[in-house]
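A.B. asks: Just dropping this structure here.
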Amino acid sequence: MTAVEVRRERRGGAAEIAARVIAVAAIAIPTTATPALAQESWKQGVKYTIEARLEEDAETLRARARFTYLNRSPETLDRLFFHQYLNAFRPNSTWARSGQRPTPDFQHLAEPDQAFERLLAVRALAAGAGGSDIVSRPLRWSYPGTPDSTVVEIPLLDPLEPGEEVTLQLDWVARPSTLCRRQCRGGRQYDFAQWYPRIAPFDEDGWEAHALYPQGEFYGSFGSYDVMLDLAADQVVGATGVVLSGDPGWGVEPTQQDFYGDRPGAEQRLGLLQISPSPGRKRVRFYAEDVHHFAWTTSPDYIHEGGEIAPADGRDRPIELHVLYRPGDEDQWADGQALERMTFALEFLEDRFGPFLWPQLSNVHRLEGGGTEFPMMTMNGGASPGLIMHETSHQYAHGIFANNEWKEAWLDEGFATFLTNWAFEDRAPGIWRQSRDRMAETEAGGFAKPISTASELFESFGRYNYMAYSRGSFVFQMLRGLVGEQTFRAILREYYDRWALHHVTEASFRTTAEDVSGKNLDWFFKQWLHATATLDYAIGKVEQERTARGWRTRVEVRRAGDAWMPVTLRVGGEDRRLESRDRSQTVEFDTAERPTEALLDPDGFILDSSPANDRAEIPPPGLEDALDAPRPIEAFDSVWIEELTWMEVRDLLAAGTTTAIIPTGGIEQNGPYVATGKHNHVLESTCPAIARELGNALCAPII
Ligand SMILES: [Zn+2]
């Protein structure tokens, strides 16, 4: 199925679920197209309808959700797990107790600065006997990881059989911390990276109910979000999804309200909010489908810049772009700079994978530095081209291809790092060699750990970051070098066709790569992901001789370490790809001109552990032999370089001679020598005398 078809089916498919649809409201869960080749057998159905009121006096969000969960798995579920990740940013959470630095110290945060997400009530909803009356029964909840409260467990009243769905109503209050980490509050700005009970993924491995750690960020279930925000009238807001109604404060009309057709339906009232907003307040309704998270941010100070990317191959609608930045950082963000970088990034990504599948992308200026990705949104502390490229890359590598970042962070962080380097490699030649050199330095300190290691098993965020991001990026770069540019691009497009808007694993990527390239790549993924393999190619002995038509150069290439990759050897402008697994191989080049350099991996496709020995200058022939030659006749006892052979000079230097006196005749005695041959006399007697007196010197006449 082509990307175009995937898209048409997505938009056309306002399908209703077949399971017992309770009469609470129109809670049909939109189905997403299953790409023809997707090997995922099922995907849980998730639908959130949320009302939330930001009460700035209390710095708190009060919210209610109607949450519908369709069990498409073959298992019967007797409980649900949700993540309440705001609870990581307070004392005694797993995160806070990890004591990791340099992540902020949440263990010692005073109460007014802490984050929280506190459930107030959970109820199961079901249709009454009459059909339309709602029967609501309270449910208990508990925190199995106490004192951590980032995972909440809610036992169900009745088992949820395969194909059945359940609807809950959840009430809670939430507040970000003033100490920023991904989420934050400061002044009247709220970065709601987390803010609602987010259903934990249930997949082939069961519940991924996972306390939040500093390492690893996300894994979520795809679903739809219908979110009504009640805010102060002067707030400017950016969020996952499109604006269906209300004024987000942008000063321009949203253009994508009809992206989802009539599927959002009429506004559903949950009873938390009054019929209409109080004076000085407003309501903004956002809607999104096929996303595994919903993030939003608001500040009355935000300056909005909007743009769009015109329809392109396989995409018949524009992509709406939004930038929300704070005053004072205009030099980085304003006048279309951030918009231009988003456009560059999205066009690059669409070219490499396929059409962007969501209606808009918002790039918002968060309180914390760095950046974090969410579906349809990046929260960035700055607007540098590298940061925007990296975070936008996550729209694909994590957003559209939704991997489990706790288990396989390289699959999104390594991928995004790779995509960023790839996007900039034309502007910054040498980017790969440079990043490889930096890695070799780091790894010299015994830093390596298998890239596939689960995020929380890394001892530190730094090590996790290095292995998942930096080294992970080279897995993609090495695969690109291994299969070649064209095949690699075909792999990415096929990966998109098979897996867009689905959960992905190493196996999804590996099998796609194997199918497209026609190669067994098991060894490659094992070697680079599941071991700390090292690879060190080095230039060994080089021989060169004249031939009738020019020069013949023989280059020995040695391989150390337990890993193997094909490598390119460049000599005299000619590239030769070496596929041998021998520890030592000799490669012969015949060239018209004399090559002066042998260079391994000229374009930086291999994670070589000591790049310094990848290059060698080739000295003119004969010199190498001569370097070892003995003097043919016995030497004079002389300090005059002109009377010595260079072999003696070599040996004297080796023995400790450090000075060469260059007599210029500038310091000469006068007197009886003012006669013919004065200079020679002075030089020949004076210089050797000084040299012998110094004991470590030679005389070097000017010729
Ligand atoms: Zn990232």
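The values are calculated or read from the model by the stated rules, or taken from the named source; none is laboratory data. What you see is a predicted model; the values in this text were computed from it and never measured. Ideal geometry is used to build each Cβ from the backbone, glycine not excepted, and the neighbour counts take in all protein chains shown.
A.B. asks: Please go through region 593-606 and give me each residue that is modelled with pLDDT of 90 or more and on the phi < 0 side of the Ramachandran plot, ordered by number.
C.D. replies: 593, 594, 595, 596, 597, 598, 599, 600, 602, 605, 606
A.B. asks: So which residues in region 412-453 are buried (at least 18 other Cβ atoms within 10 Å of the Cβ), under 17 Å from the mean Cα position of the chain (by Cα) and more than 16 Å from the ligand (Cβ to nearest atom), if there are any at all?
C.D. replies: 432, 436, 439, 452, 453
A.B. asks: Another question, if that's okay. Among the helices (runs of 4 or more DSSP H) contained in region 415-486, which hold 3 or more residues that are over 19 Å from residue 505 (Cβ atoms) and at pLDDT 85 or above?
C.D. replies: On the way: elements: 431-443, 461-465, 472-483.
Once the helices (runs of 4 or more DSSP H) in region 415-486 are filtered for at least 3 residues that are over 19 Å from residue 505 (Cβ atoms) and at pLDDT 85 or above, what remains is 431-443, 472-483.
A.B. asks: Does any residue in region 253-282 that is of a type in the set (Gly, Ala, Ser) come within less than 8 Å, Cβ to Cβ, of a residue that is in a loop (DSSP other than H, G, I, E, B) six or more places away or on a different chain, and which pairs are these?
C.D. replies: Pairs that qualify, where the first residue is of a type in the set (Gly, Ala, Ser) and the partner is in a loop (DSSP other than H, G, I, E, B), are 261/14; 265/26; 280/233.
A.B. asks: Hey, residue 471 hits all of (1) out of contact with any Lys or Arg (no Cβ under 8 Å at 6 or more places or on another chain); (2) more than 16 Å from the ligand (Cβ to nearest atom); (3) not aromatic (Phe, Trp, Tyr) but one; which does it fall short on?
C.D. replies: Failing condition for residue 471: (2).
A.B. asks: Could we say that residue 345 is of a type outside the set (Phe, Trp, Tyr), within 19 Å of residue 48 (Cβ to Cβ) and either part of a strand (DSSP E or B) or assigned by TED's automatic domain parsing to the domain that holds residue 184 (or both) here?
C.D. replies: Values: of a type outside the set (Phe, Trp, Tyr): yes; within 19 Å of residue 48 (Cβ to Cβ): no; either part of a strand (DSSP E or B) or assigned by TED's automatic domain parsing to the domain that holds residue 184 (or both): yes.
No; evaluated as a whole, the condition is false for this residue.
A.B. asks: Could you go through region 488-499 and let me know if any residue there is touching a residue at least 40 places away in the same chain (Cβ under 8 Å), within 30 Å of residue 444 (Cα to Cα) and outside the structural domain of residue 100 (by TED's automatic domain parsing).
C.D. replies: no
A.B. asks: Find the residue count for region 145-165, including only residues that are closer than 30 Å to residue 176 by Cβ and not in a strand (DSSP E or B).
C.D. replies: 6
A.B. asks: Confirm whether residue 170 is assigned by TED's automatic domain parsing to the domain that holds residue 45 and surrounded by fewer than 20 Cβ atoms within 10 Å (Cβ to Cβ). Spell out how you get there, then give the answer.
C.D. replies: Numbers: assigned by TED's automatic domain parsing to the domain that holds residue 45: yes; surrounded by fewer than 20 Cβ atoms within 10 Å (Cβ to Cβ): no.
It is false that residue 170 is assigned by TED's automatic domain parsing to the domain that holds residue 45 and surrounded by fewer than 20 Cβ atoms within 10 Å (Cβ to Cβ).
A.B. asks: For region 377-411, how many residues meet the condition of being assigned to a loop (DSSP other than H, G, I, E, B) and either within 11 Å of the ligand (Cβ to nearest atom) or modelled with pLDDT of 95 or more (or both)? Steps first, please.
C.D. replies: Within region 377-411, the subset assigned to a loop (DSSP other than H, G, I, E, B) is 381-384, 394-396, 398-400, 404-408.
Right, trim to either within 11 Å of the ligand (Cβ to nearest atom) or modelled with pLDDT of 95 or more (or both) and you get 381-384, 394-396, 398-400, 405.
Count: 11.
A.B. asks: Just checking, which of 253, 217 is of a type in the set (D, E, K, R), part of a loop (DSSP other than H, G, I, E, B) and within 24 Å of the chain's Cα centre (by Cα)? Before the answer, list the steps.
C.D. replies: Values: 253 fails: within 24 Å of the chain's Cα centre (by Cα).
Exactly one of 253, 217 is of a type in the set (D, E, K, R), part of a loop (DSSP other than H, G, I, E, B) and within 24 Å of the chain's Cα centre (by Cα), namely 217.
A.B. asks: Here's another thing I want to ask about it. Where the second residue is acidic (Asp, Glu) and the first is at pLDDT 90 or above and lies in region 85-106, which pairs have Cβ atoms under 7 Å and are six or more apart or on separate chains?
C.D. replies: Pairs that qualify, where the first residue is at pLDDT 90 or above and the partner is acidic (Asp, Glu), are 86/117; 87/117; 93/148; 94/148.
A.B. asks: Out of 230, 191, I need the residue that is of a type in the set (Asp, Glu), over 24 Å from the mean Cα position of the chain (by Cα) and modelled with pLDDT of 95 or more. Which one? Break it down stepwise before answering.
C.D. replies: Numbers: 191 fails: over 24 Å from the mean Cα position of the chain (by Cα).
Exactly one residue qualifies, and that residue is 230.
A.B. asks: Right, residue 350: touching a Ser or Thr at 6+ places or on another chain (Cβ under 8 Å) and over 22 Å from residue 183 (Cβ atoms) or not?
C.D. replies: Considered against the rule, which asks whether it is touching a Ser or Thr at 6+ places or on another chain (Cβ under 8 Å) and over 22 Å from residue 183 (Cβ atoms), residue 350 comes out as no.
A.B. asks: Then there is this: All but one of (1) part of a strand (DSSP E or B); (2) closer than 30 Å to residue 450 by Cα; (3) among the polar types (S, T, N, Q) hold for residue 553, so report the exception by its number.
C.D. replies: So the condition that residue 553 fails would be (2).
A.B. asks: Within the group 368, 350, 340, which residue is more than 16 Å from the ligand (Cβ to nearest atom), of a type in the set (Asp, Glu), surrounded by fewer than 24 Cβ atoms within 10 Å (Cβ to Cβ) and within 27 Å of residue 236 (Cα to Cα)? Full working, then the answer.
C.D. replies: Values: 368 fails: more than 16 Å from the ligand (Cβ to nearest atom); 350 fails: within 27 Å of residue 236 (Cα to Cα).
Going through 368, 350, 340 in turn, the sole match is 340.
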